[in-house]
1. Do the conditions hold for Leu44, that is, is it over 14 Å from Leu188 (Cβ atoms) and either without any contact (Cβ under 8 Å) to a residue 12 or more places away in the chain or assigned to a helix (DSSP H, G or I) (or both)?
2. I'd like the full set of residues that are among the hydrophobic types (A, V, I, L, M, F, W, C), surrounded by 12 or more Cβ atoms within 10 Å (Cβ to Cβ) and within 30 Å of Met234 (Cα to Cα), limited to the stretch 122-159.
3. Before we move on, is Arg137 within 26 Å of Val225 (Cβ to Cβ), of a type in the set (Lys, Arg) and not in a helix (DSSP H, G or I)?
4. Look through Ile230, Ile321 and report the one residue that is at pLDDT 90 or above and part of a helix (DSSP H, G or I).
5. Identify all residues within the stretch 1-56 that are surrounded by fewer than 19 Cβ atoms within 10 Å (Cβ to Cβ), within 17 Å of Phe285 (Cα to Cα) and among the aromatic types (Phe, Trp, Tyr); write none if there are none.
6. Report whether or not Ala248 is assigned to a helix (DSSP H, G or I), touching a residue at least 60 places away in the same chain (Cβ under 8 Å), in contact with a strand residue (DSSP E or B) (Cβ under 8 Å, 6 or more places away or on another chain) and not polar (S, T, N, Q).
7. With the structure loaded, tell me whether Ser91 is surrounded by fewer than 24 Cβ atoms within 10 Å (Cβ to Cβ) and among the polar types (S, T, N, Q) or whether it fails that test.
8. Suppose we filter Leu173, Leu194 for residues that are on the phi < 0 side of the Ramachandran plot, outside any helix (DSSP H, G or I), free of Cβ contacts under 8 Å to residues at least 24 places away in the same chain and surrounded by fewer than 18 Cβ atoms within 10 Å (Cβ to Cβ); which single one remains?
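The values are calculated or read from the model by the stated rules, or taken from the named source; none is laboratory data. Note that the structure is a prediction, hence the values are computed from the model and not measured. Here the Cβ positions follow ideal geometry from the backbone for every residue, glycine too, while neighbour counts run over all protein chains shown.
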Amino acid sequence: MKDTSHLIDFAIKYGFLLLMAALIVVFGLNAEGFLSPFSAVFILQSVAITGILALGVTATLVVGGFDLSIGAVATSALMLSAYVMVVWEMSAGMAVVLCLLMGAAVGLVNGLLIVKARIPDLLATLGMMFLLVGLQRIPTEGRSISTGMALPDGSTAAGIFSPGFLMLGRHRLDLIVPDLLPLSVVFLVVIAVLVWVFLELTRHGRLMYAIGSNAQAASLAGANVNRYKIAAYMISGTLASVGGILLAARLGRGDVASGNNLLLDSVAAALIGFAVLGASKPNAFGTAIGALFVGILLQGLTMMNAPYYTQDFIKGGVLVIALVFTFALSGRGGRGRG
């Protein structure tokens, strides 16, 4: 019985990492070139944007909430940055600032709807998602934004994506081999470290975890529950806009359909983070590993020529297995959404 208990504890703590290692071995043996540096570049590029959005979701999970609007915020930032530079002919710096303000404002509105209007978080952020999806298409009548495009009033857009802006999504740093590490991955690492430090090592982060565990008890202990919840959604919105900026910089155009999978992949990464090292709670380190896992899984399936229509099914199956390590084996109720 004792041996069984130790085995279950081992599976809870290390089972997910072993699953990820097994996937790497399987893809390495069956997909030619999967273990090459060039394959790593594609994985890291996809991981960067997904991971940044997932870290925003993690902040809302910590306070017992959930943000379904992150994908829409990211694509809105993508479209807004393109519109500012291409149509309004403004600088890249102004585009970045406006996108960050937009993301923070959306997070603020989400937070106010949840804590002041008492709308359930899933419904509030779902409504915001539909609002943004529609709003981002109106200025261009549903068309993508690119240099020289025809505008609805018959004029031609004369602005361009500045080289400095494009560098955010396209520049690669030398690591072992030239041009291996995308600059966007550096942003992911820095943001992940900052979020981890904030959540794990600061009083504010510990209060946010306390709110997610028991908001009433945290309030009685003196925490301003509403303020922290609003702050969590503002963090989520701001990080989603960072992801949209990096996606715009990588694509060099405002593509209305480019962020279709961002929500699902980011949520998957955040939830998978519960299973990393048996954390059983939202955490920045687990989320970053979860994003890496999603990137490895999708790249491997693509290189093995798996039909695109099977990828979401496989991704969902792996997500269920990962969460089994956390909740079913441990016998502990999850604390995703309270």
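1. no
2. Scanning the stretch 122-159 gives Leu122, Leu123, Ala124, Leu126, Met128, Met129, Phe130, Leu131, Leu132, Val133, Leu135, Ile145.
3. On the way: within 26 Å of Val225 (Cβ to Cβ): no; of a type in the set (Lys, Arg): yes; not in a helix (DSSP H, G or I): yes.
No: the conditions fail for Arg137.
4. Step by step, each of Ile230, Ile321 is checked, and only Ile230 is at pLDDT 90 or above and part of a helix (DSSP H, G or I).
5. Tyr14
6. So Ala248 passes the test.
7. When the stated conditions are applied, Ser91 passes them.
8. Only one candidate passes the filter, namely Leu173.
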